[in-house]
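The values are calculated or read from the model by the stated rules, or taken from the named source; none is laboratory data. All of these numbers come straight from a predicted model, not from anything done at the bench. Here the Cβ positions follow ideal geometry from the backbone for every residue, glycine too, while neighbour counts run over all protein chains shown.
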Amino acid sequence: MIDLAGTLVRDDGAVERAFVDALRAVDEIGAEAPDDALLETIRGTMGRSKIEVFRELLEDEHRAQEANEVFEGAYARRIAAGETAALPTAEAALRELRATGVHVAVTTGFSAHTRDLLLANLGWDDVVDLALSPTEKLRGRPAPDLVLGALLELGVEDVRSVAVAGDTTNDLYAGHRAGAGIVAGILGGAHPREQLERAPHTHIFETVGQFAQLVSTGRSATLETAGRPAGA
């Protein structure tokens, strides 16, 4: 199970800029450049459900919904403008996992509409088995719901066989709380190494490609062992 933005997809700050656009639209901040404190707050929410973040920041349901709608539109425009792209090892990692029989689920704090728009733009329909976003029934990260929801949807029998990867501490907490066997931080995204290392994890990798190699190697070894006669 792999996070989308920041882990598989490079956005060069597109999420942050869409957040700023949304907060300006509801008069939470002015036209001036956002200060460091606000940017740190935004970065700390990466990986979480966007509507839930706006609810916490604005403490008003109407303004939160308005801000979320502006955010979704602003990010969609950035997708169309080419401000998002697959990270160098991302597609190869997904294909490697699929080739070794691993179910691939991607999760995100984006709405289903934005998530599907991003996946369509990347052309990943044939390499992703399942894509999940927070809903009324599935809480966003750091709650374990998206991990457990994917486990149920894909018919996985043991949560310890689930591997979770993400670029934020919220991803790592979600995997840990769900009981995943592998919980891997991926560098180069929203949260730096020192921040990821403070969250529960089993591995820290430079790229999602290294994560895929670990999972694929383990899967291949399991299949090889399962195919041997008893006592071999």
Practice prompt. Please find, among V53, V102, V106, the residue that is within 30 Å of R198 (Cα to Cα), part of a loop (DSSP other than H, G, I, E, B) and of a type in the set (V, I, T).
Written response: V102
Practice prompt. Determine whether G189 is in the same structural domain as A90 (by TED's automatic domain parsing), crowded, with 20+ Cβ neighbours inside 10 Å and modelled with pLDDT under 90.
Written response: yes
Worksheet item: Do the conditions hold for A93, that is, is it modelled with pLDDT of 90 or more, crowded, with 16+ Cβ neighbours inside 10 Å and assigned by TED's automatic domain parsing to the domain that holds V127?
Response: yes
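Could we say that A174 is buried (at least 24 other Cβ atoms within 10 Å of the Cβ), in contact with a helix residue (DSSP H, G or I) (Cβ under 7 Å, 6 or more places away or on another chain) and assigned to a helix (DSSP H, G or I) here?
It is true that A174 is buried (at least 24 other Cβ atoms within 10 Å of the Cβ), in contact with a helix residue (DSSP H, G or I) (Cβ under 7 Å, 6 or more places away or on another chain) and assigned to a helix (DSSP H, G or I).
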Practice prompt. Could you please find all residues in the range 110-128 being over 22 Å from V70 (Cα atoms) and either at pLDDT 90 or above or of a type in the set (G, A, S) (or both)?
Written response: L122, G123, W124, V127, V128
Discussion item. Being over 19 Å from V156 (Cα atoms) and surrounded by 17 or more Cβ atoms within 10 Å (Cβ to Cβ) is the filter here; which residues of the range 97-116 pass it?
Written reply: T108, G109, F110, S111, T114, R115
